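One structure below.
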Amino acid sequence: SKMIQVSLFSNNSFISLEAELRSICHLYFPHIPELLIYQIKWSEKKQKRTLASCNIYKKIINVSNCLNYPEYFHLLPPLIYHEICHAVVGVKVGNRGRRIIHGADFKKLERAHPDMHLLEEFIKTGGWAKAVRSHRAKQRWKKIKSTLKILGIR
């Protein structure tokens, strides 16, 4: 069974990671239908450095839940595209036996997405670090509110 995770917010905006992934696969890689077996979900891990990851063996993409807010939804298409590029290129091994994660083939394919510059700019200008701090602050506040409610204070 496919995992579909939808995020709902009070202003009724939402995003379906599954729909985003399918859209990207159909738009950019219609000649590789096996990409549609990939699952995608919000990661529950406390992320600090990783925006998303693609496990080509388990066929799953994890997206940091730090990006699960409407202000970051515009970054999801290039981010998901980046991750699916890993599936397309596969694992390459250099002449020293080390894995090549973002090699020349990967970079060439990645540049095909028209909004990749938005994701790169977001990372370079500290947007990712800000998103992590903001998410953690929101999580702490949620925990405080929950505790106050249990105590009958609020």
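The values are calculated or read from the model by the stated rules, or taken from the named source; none is laboratory data. Quick caveat: nothing in here was measured; it's all calculated off a predicted structure. Every residue, glycine among them, receives a Cβ derived from its backbone with ideal geometry; neighbour counts consider all protein chains shown. To get the accessible areas, we keep the full protein, side chains included, count just its heavy atoms, and leave off ligands, DNA and RNA. Shrake-Rupley method; radii C 1.70, N 1.55, O 1.52, S 1.80 Å.
Residue-by-condition table, conditions (1) farther than 27 Å from Lys138 by Cα; (2) open to solvent by less than 50 Å² (accessible area, probe 1.4 Å); (3) modelled with pLDDT of 90 or more:
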{"position": "Lys48", "(1), (2), (3)": "no, no, no"}
{"position": "Ala52", "(1), (2), (3)": "no, yes, yes"}
{"position": "Lys58", "(1), (2), (3)": "yes, no, yes"}
{"position": "Asp115", "(1), (2), (3)": "yes, no, yes"}
### Task
For Arg133, indicate whether it is open to solvent by 40 Å² or more (accessible area, probe 1.4 Å) and either touching a helix residue (DSSP H, G or I) at 6+ places or on another chain (Cβ under 8 Å) or part of a loop (DSSP other than H, G, I, E, B) (or both).
no
### Message
Suppose we filter segment 99-128 for residues that are assigned to a loop (DSSP other than H, G, I, E, B) and either within 15 Å of the chain's Cα centre (by Cα) or touching a residue at least 40 places away in the same chain (Cβ under 8 Å) (or both); how many remain?
### Response
3
### Residue that is nearest to the chain's Cα centre (by Cα), among those in segment 15-45 that are without any contact (Cβ under 8 Å) to a residue 12 or more places away in the chain and in a loop (DSSP other than H, G, I, E, B)
Pro30
### Task
Check Gly94, Gly127, Gly90 and return the single one that is touching a strand residue (DSSP E or B) at 6+ places or on another chain (Cβ under 9 Å), open to solvent by less than 30 Å² (accessible area, probe 1.4 Å) and of a type outside the set (Lys, Arg).
Gly94
### Task
Filter segment 46-73 down to residues that are in a loop (DSSP other than H, G, I, E, B), among the aromatic types (Phe, Trp, Tyr) and farther than 13 Å from His86 by Cα, then give me how many there are.
1
### Query
Can you name the number of the only condition in (1) open to solvent by 30 Å² or more (accessible area, probe 1.4 Å); (2) at pLDDT 95 or above; (3) not polar (S, T, N, Q) that Phe29 fails?
(1)
### Message
Scan segment 80-98 and tell me whether some residue there is over 17 Å from the mean Cα position of the chain (by Cα), at pLDDT 90 or above and among the hydroxyl-bearing types (Ser, Thr, Tyr).
### Response
no
### Task
Kindly indicate whether Glu18 is modelled with pLDDT under 95, among the charged types (D, E, K, R), farther than 16 Å from His113 by Cα and open to solvent by less than 70 Å² (accessible area, probe 1.4 Å).
yes
